[in-house]
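What follows is a short report on a single structure.
The values are calculated or read from the model by the stated rules, or taken from the named source; none is laboratory data. Keep in mind that this is a model prediction, so the values were computed, not measured. As a convention, Cβ positions derive from the backbone with ideal geometry for all residues, glycine included, and neighbour counts pool all protein chains shown.
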Amino acid sequence: MANILQDITKNFSALFKNKSQGSVIGVDIGSSSIKVVQLKTEGGIAVLETYGAVSFGSYISNSYIGQAVNPSHDQTIQAINDLIKEANITTLSAAVSIPSASSLVFLIELPATVPQKEFANVIPLEARRYIPVPMTEVSIDWWVVPHDEVFEGNDDSGEIENIKKVRPFRVLVAAIHNEALGRFQEVVKDAKLSSDFFEIEMFSNVRSCIGKDLSNVVLVDFGAAKTKVTVVYRGVLQDFHIVNRGSQDLTRILSTGLNIPVVKAEEVKKKYGILPNDEYKESENIISSSLEYSMAEINNIILSYEKKYNQSIDKIIITGGGSALPGLVEYMSKKLPAPVSKSHPFSHVKSPAFLDPILAEVGPEFGVALGLAMRKLTS
């Protein structure tokens with residue numbers, strides 16, 4: 001499978017080259033909703049034309065908006081078609097996401113003595129140790145992670161050059177089960193989208209939420225079913241983990257704790273979050289306690305990375321629909337060892353000034369869709 005990995009920084013920079021004048025869309029098929037963003041280029045600048053989202057909860061009985069569900073193929077197609085109409089989408093030239101839960105991403109190291117021309121043979125053999133199914137059942141892609149050039153120049157002894165020569169190659173490998181890939185290919189076909197590649201959602205998120213930031217960044221994507229944690233340095237993915245807790249878990253725990261219906265609990269969560277309130281006084285403690293597990297996992301990921309690479313995390317950026325939880329930035333700032341801020345993906349594209357407040361608010365939900373569209377503009 002080609003094109004599931006991408007040089008994030010390179011593509012971000014390419015947006016400012018006049019490569020395409022046509023409109024494109026990024027389609028993010030998530031666990032609870034579908035998001036779409038349409039872009040075009042004007043004078044080499046990416047311009048937002050339209051965007052929209054539709055919840056699967058509207059198509060599945062006994063479910064609520066914000067709940068992670070398993071829609072049928074026909075329900076997915078119907079949701080895409082409805083969204084295209086409602087958002088006034090004018091093109092079917094699309095890039096489509098593959099959920100992180102349907103993929104496996106990991107780093108392997110190869111000895112410096114392995115010739116790069118042999119990677120095509122060596123990497124699949126090494127990857128077998130990490131992939132729990134037969135290699136014939138998956139499609140893989142890989143990308144060599146550049147070394148951080150901490151050794152500048154040279155000295156008379158040649159010691160620095162010798163150190164460079166013996167450093168192992170670090171290779172980022174992505175694997176997707178062929179069955180899952182086939183399902184998404186069928187969705188693209190039956191939705192009549194024109195798409196020449198898929199991209200795992202974490203790479204799209206990095207492109208739109210981090211861009212050309214060269215510091216050590218942890219991107220935390222709060223989804224409905226899971227929380228995805230990506231460590232990025234100089235625009236390159238360094239580490240990735242999935243925490244098996246999502247925003248719907250907060251809703252369920254809140255429903256039980258307050259003894260209210262789950263639909264009402266979703267409303268309370270979105271309205272009050274981790275903020276004190278007089279209407280549901282226990283909601284703040286219930287949600288904050290529920291988040292402790294995720295915070296502990298994120299802390300462990302950060303500490304492990306800092307110990308392994310002897311580098312400190314400079315900032316933490318939160319994104320995804322769950323990042324809209326009121327009080328979340330302040331709460332995480334107290335729990336994690338680096339400054340926390342919310343992503344603003346739409347700040348990377350041109351849009352009407354009057355939309356700025358709205359786009360800043362809803363932007364984290366559209367990080368993947370926007371990142372897909374940004375890449376499609378350069379393809």
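For the stretch 339-350, the tally of residues that are surrounded by fewer than 17 Cβ atoms within 10 Å (Cβ to Cβ) and more than 16 Å from residue 222 (Cβ to Cβ) stands at 3. Among the residues of the stretch 321-330, those that are of a type outside the set (D, E, K, R) and touching a strand residue (DSSP E or B) at 6+ places or on another chain (Cβ under 9 Å) comprise 321, 322, 323, 324, 325, 328, 329.
When the stretch 95-115 is limited to residues that are closer than 16 Å to residue 181 by Cα and aliphatic (A, V, I, L, M), the one that is modelled with the lowest pLDDT turns out to be 101. When residue 170 is tested against the conditions (1) within 26 Å of residue 313 (Cα to Cα); (2) at pLDDT 90 or above; (3) touching a strand residue (DSSP E or B) at 6+ places or on another chain (Cβ under 7 Å), the lone failure is (2).
Among the residues making up the stretch 299-332, those that are surrounded by 21 or more Cβ atoms within 10 Å (Cβ to Cβ) and within 17 Å of the chain's Cα centre (by Cα) are 316, 317, 318, 319, 320, 321, 322, 323.
Within the option set 34, 45, being among the hydrophobic types (A, V, I, L, M, F, W, C), under 26 Å from residue 227 (Cβ atoms) and modelled with pLDDT of 90 or more holds for one residue only, 34.
Of all residues in the stretch 224-260, which are outside any helix (DSSP H, G or I), under 23 Å from residue 99 (Cβ atoms) and of a type in the set (D, E, K, R)? Write out each step before concluding.
Going residue by residue through the stretch 224-260, those that are outside any helix (DSSP H, G or I) are 224-246, 259-260.
Filter once more, so that each one left must be under 23 Å from residue 99 (Cβ atoms): 224-232, 235-246.
Passing the criteria: 226, 228, 239, 245.
Inspect all residues belonging to the stretch 313-322 and state whether any of them is in a helix (DSSP H, G or I) and of a type in the set (Ser, Thr, Tyr). Within the stretch 313-322, none of the residues are in a helix (DSSP H, G or I) and of a type in the set (Ser, Thr, Tyr). Taking the stretch 21-43 as the range and being among the hydrophobic types (A, V, I, L, M, F, W, C) and under 21 Å from residue 58 (Cα atoms) as the test, the residues that pass are 27, 29, 34, 36, 37.
Against the conditions (1) in contact (Cβ under 8 Å) with a residue 40 or more places away in the chain; (2) out of contact with any Leu (no Cβ under 6 Å at 6 or more places or on another chain), residue 357 satisfies every one except (1).
Quick one: which of 270, 212 is charged (D, E, K, R) and modelled with pLDDT of 95 or more?
Testing whether each residue is charged (D, E, K, R) and modelled with pLDDT of 95 or more leaves just 270.
Considering only residues in the stretch 57-78 that are of a type outside the set (S, T, N, Q) and surrounded by fewer than 17 Cβ atoms within 10 Å (Cβ to Cβ), the one that is farthest from residue 245 (Cα to Cα) turns out to be 74.
Restricted to the stretch 30-144, the set of strands (runs of 3 or more DSSP E) holding at least 3 residues that are free of Cβ contacts under 8 Å to residues at least 40 places away in the same chain and out of contact with any Cys (no Cβ under 7 Å at 6 or more places or on another chain) comprises 45-55. Among the conditions (1) closer than 24 Å to residue 33 by Cβ; (2) touching a helix residue (DSSP H, G or I) at 6+ places or on another chain (Cβ under 7 Å), residue 244 misses just one, which is (2). Being crowded, with 24+ Cβ neighbours inside 10 Å and within 9 Å of the chain's Cα centre (by Cα) is the filter here; which residues of the stretch 210-235 pass it? Answer for the stretch 210-235, where residues must be crowded, with 24+ Cβ neighbours inside 10 Å and within 9 Å of the chain's Cα centre (by Cα): 219, 220, 221, 230.
Would you check which residues across the stretch 261-289 are touching a residue at least 12 places away in the same chain (Cβ under 8 Å) and either under 30 Å from residue 215 (Cα atoms) or assigned to a loop (DSSP other than H, G, I, E, B) (or both) and list them? The answer is 273, 274, 275, 280, 282, 288. Evaluating residue 362 against the criteria (1) β-branched (Val, Ile, Thr); (2) closer than 22 Å to residue 232 by Cα; (3) surrounded by fewer than 22 Cβ atoms within 10 Å (Cβ to Cβ) leaves one unmet condition, (2).
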